[in-house]
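Student: Okay, here's the structure, questions in a sec.
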Amino acid sequence: MRDDPAEVAYRRGLALITALVMLTGVLWAVLAPPFRAPDEPQHVNSVLRLAYGGGWPAAGEALVGPAVDAAREQAALDTDLPGRHYDRVDVPPFLAVPPVPDRDRFVVDAGNALADPLPAGTSTRHLPEDAVDQMTQHPPLYYALAAVVLRGTGLAEARWDHQLLALRLLDVALLLPVPLLAAAAARRLSGSRPAALVAASFTLFVPQAGHIMGSVTNDALVTASGAVITYLCVVVLGGDLRARTAVWLGIALGVGLLTKVMVVFALPMVVAAYLMAPGSRAARLRGTVLAGAVALVAGGWWWVRNLLVLGTVQPVGIPDRFADGEPAGLWHFLRTGVTQLTRSFFGNFGWLELRIPDGFFWTASVTIGALAVIAMVRTASARRAVGMLLLLPAALWLAVLVNAWPGYQETGLIIAVQGRYMFAGLTAFSVTTALGAVALLGSRTGRAAPWIVGAACAAAASGLAFGFWGFYQGPTSTVADAAARWAAWSPLTGPQLAALVSVLALVAAAAVLACGLLARTTVLAETTAAPQARAATTAAGTGSSG
């Protein structure tokens, strides 16, 4: 049987948009200077510790090994990037440090990968903060996966920059479920192929997602598990109350929970999906209990153990080193915290050093909110779905701010407020905005899809260009100078980097054209179908009159 031309065009468009999302992550992986992403040295250190059999010490007792120390020094991590939001007079500029030649870059091996154990009876409180690896406050699943990748690829003993790139590319691979499952969920809920492509492209509107998913971080596995959880909740909401679906949902929750505590805030969405699903109360209750039980066995047990053994859900990874200060009140906390959280969700690159313009992230936030409201107000069929989907990012948003409040009261500082903590909700945002676009545009969604995907490409390109400028181009540097500096720091050569940028541009153009082809194919199908339907109606009427 001949495939439906519209379906073929849709699959082609989805494949190209997915490739574009992945290639954007790859470009971020090679663009960001070494270790210039939040806590990246500590993430790499924990991977190396597991790769070399160093175990998983108690929270606050893990130290950074000599290999990562040497790599940080060669990466000039103690310097300020040229695009930093303010210059520190006592910190040298990154541009003043010549890149270490490839042949001189440190090689990680069994003799330098592990730190000496902390002497008995001593505390890390009096050590420099960068000497402590706080990642053992989290479960070890992501780090075990990354260690297996290093061992499996033969890169456990290799140059540190080669290891770093391999681990960054692992995280890019974990981005794959986001556009695919966002598209699948949007199509299930709307029945619209163009809406599915809009959902798939949403990640491109969030440059920070490319940057974080192109770095070494446990947030990558959280983002992937969040995508699976979100899609399965949409499936449940559609009436799939089978035990198999509940088991898979529990496994996805368990994987996330064995990675980071943020996934616990997906539970309201899961419960809501079962509460609002069509079917008997008994079947909905069975699904909820089964998914929860599987999640507890697969990963939730880690946090229960913490509570029983340590008396807290998540222990402190680095002892508190902040001096007590005076908080400036609730309004200051909310205004500063919400701004910080919103900016770092959309674009605050490096160690939150490169800040995108305020207009970009506020416009993006208002647009998402407006589309969510439009979807709920104008489309009754989408109301329940949007309400369910928004429970996850809303719970994450609230949890981050609530968690920061006690520290603010004690020190006057707003810490641990970062947008990446909301990336488990990235797929939920993707689907919600697509449903809003359908509610706003109706039958014109198909014609608008190429323009929306084109805008997503422009947003992604702008983020990459801003990162390139902020990472490598000083006030007196030319673009050519910055490009040469990028190639000198990268494990790739200049021609390889140029080829990657060219391929990305070609895929972006192809993705936009594919969306246009889908729109044209759909219009042609509708144009052809209308006369055929009228002819069939006329023929039926003639036959009945005879």
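The values are calculated or read from the model by the stated rules, or taken from the named source; none is laboratory data. Just so it is clear, the structure is predicted and the values come from calculations on it, not from any experiment. Positions of Cβ are backbone-derived with ideal geometry, glycine not excepted, and every protein chain shown enters the neighbour counts. Just so you know, the surface numbers come from the protein's heavy atoms only, side chains and all, with ligands and any DNA or RNA stripped out. Shrake-Rupley method; radii C 1.70, N 1.55, O 1.52, S 1.80 Å.
Student: If amide H atoms are built 1.01 Å from N in the plane of the peptide, which residues on other chains or at least 5 residues away come under 5 Å of the amide H of ARG159?
Tutor: Placed amide hydrogens put VAL108 under 5 Å from ARG159.
Student: On the protein heavy atoms, probe 1.4 angstrom, tell me the percent of accessible surface of the range 1-140 carried by carbon and sulfur.
Tutor: Carbon-and-sulfur percentage of accessible area, whole number: 55.
Student: State, to one decimal in nm, how far the label point of VAL289 lies from the label point of VAL304, with both points 7 Å from Cα in the Cβ direction.
Tutor: Between VAL289 and VAL304, the simple spin-label model gives 1.5 nm.
Student: Right, next: So what are the ³J(HN,Hα) numbers for the range 351-358, from phi and the Karplus equation (6.51, -1.76, 1.60; θ = phi - 60°), rounded to whole Hz, Gly and Pro as x?
Tutor: Rounded to whole hertz, the list is 8, 6, 9, 9, 9, 5, x, 4.
Student: Out of the total accessible area of the range 425-501 (probe 1.4 Å, heavy atoms of protein only), what percent is carbon and sulfur?
Tutor: Details: 2150 of 3000 Å².
Answer for the range 425-501: carbon and sulfur cover 72 percent of the accessible area.
Student: Same structure, new question: Simple spin-label model, 7 Å along Cα-to-Cβ: VAL503 to ALA15 in nm?
Tutor: For VAL503 paired with ALA15, the spin-label model returns 1.6 nm.
Student: Contour minus end-to-end for ASP102 and THR336, with contour as 0.36 nm per residue of separation and end-to-end as the Cα-Cα distance?
Tutor: Taking 0.36 nm per residue and subtracting the Cα distance, the gain is 80.0 nm.
Student: For the range 185-268, which whole percent of the accessible surface, found with a 1.4 angstrom probe, sits on carbon and sulfur atoms? Mind dumping the intermediate values first?
Tutor: On the way: 1330 of 1980 Å².
Summing carbon and sulfur atoms, their accessible area is 67 percent of the total for the range 185-268.
Student: Kindly rank 250-257, 219-226, 435-442, 332-339 from highest to lowest mean number of other beta carbons found within 10 Å of each residue. Write out the running numbers ahead of the final one.
Tutor: Numbers: 250-257: 25.5, 219-226: 28.1, 435-442: 22.2, 332-339: 14.8.
The peptides rank, most packed first, as 219-226, 250-257, 435-442, 332-339.
Student: Ordered by residue, what ³J(HN,Hα) values in Hz, to whole numbers, does the range 310-315 give under the Karplus form 6.51 cos²θ - 1.76 cosθ + 1.60, where θ = phi - 60° and Gly and Pro are x?
Tutor: Coupling constants for the range 310-315: 9, x, 8, 5, 10, x Hz.
Student: Give the Cα extents of the range 50-139 along the principal axes, in whole Å, largest first.
Tutor: Between the extreme Cα coordinates on each principal axis of the range 50-139 lie 41, 32, 23 Å.
Student: Mind sorting out which of [x] 25.0, 101; [y] 22.6, 72; [z] 23.4, 81 is the real Rg and Dmax of the Cα atoms in Å computed from the coordinates?
Tutor: After the calculation, the listed value that fits is [x].
Student: Between the helical axis of 445-472 and the dominant principal axis of the chain, each derived from Cα atoms, what acute angle in degrees is found, rounded to the nearest 10?
Tutor: Between helix and principal axis, roughly 10 degrees.
Student: Here's another thing I want to ask about it. Sort 281-287, 176-182, 163-169, 310-316 by packing, meaning the average of other beta carbons within 10 Å per residue, with the highest value first.
Tutor: Details: 281-287: 15.1, 176-182: 24.4, 163-169: 22.7, 310-316: 12.6.
Packing order, densest peptide first, comes out as 176-182, 163-169, 281-287, 310-316.
Student: For the chain, calculate the relative contact order in percent as a whole number, restricting contacts to Cα pairs under 8 Å that are 6 or more residues apart.
Tutor: Details: 893 pairs, mean separation 124.2, N = 546.
Rounded, it is 23 percent for the chain.
Student: Suppose only helical runs count, i.e. DSSP H with n ≥ 4. What mean residue ellipticity at 222 nm does that imply for the chain under -39500 (n - 2.57) per run, divided by all residues and rounded to the nearest 500 deg cm²/dmol?
Tutor: Working: 21 runs with 354 residues, N = 546.
Here the helix-only value at 222 nm equals -21500 deg cm²/dmol.
Student: Same structure, new question: If the chain between VAL377 and LEU440 were fully stretched, how many nm would it gain, using 0.36 nm times the residue separation less the Cα-Cα distance?
Tutor: Numbers: separation 63, 0.36 × 63 = 22.68 nm, distance 1.03 nm.
So the chain would gain 21.7 nm between VAL377 and LEU440.
Student: Determine, from the Cβ-Cβ distance of TRP405 and THR478 and an R0 of 45 Å, the FRET efficiency 1/(1 + (r/R0)^6), rounded to the nearest 0.05.
Tutor: 0.45
Student: Check ALA37: other-chain or 5+ apart residues with amide H under 5 Å from its amide H, H built from backbone geometry?
Tutor: Counting only residues 5 or more places away or on other chains, the set is empty.
Student: Can you tell me the order of 187-199, 291-303, 11-23 when each peptide is scored by its average per-residue count of other Cβ atoms within 10 angstrom, highest first? Could you put the intermediate results ahead of the total?
Tutor: Values: 187-199: 25.7, 291-303: 20.2, 11-23: 22.8.
So the peptides 187-199, 291-303, 11-23, ranked by packing, come out 187-199, 11-23, 291-303.
Student: With no solvent and one equal point scatterer per Cα, compute the Debye intensity ratio I(q)/I(0) for the range 83-235 at 0.14, 0.15, 0.18 Å⁻¹ and report its log10, rounded to two decimals.
Tutor: Normalising to I(0) and taking log10 leaves -0.97, -1.05, -1.22.
Student: Using the heavy atoms of the protein chains alone and a 1.4 angstrom probe, what is the accessible area of the chain per residue in square angstrom?
Tutor: Ligands and nucleic acids excluded, the figure is 42 Å² per residue.
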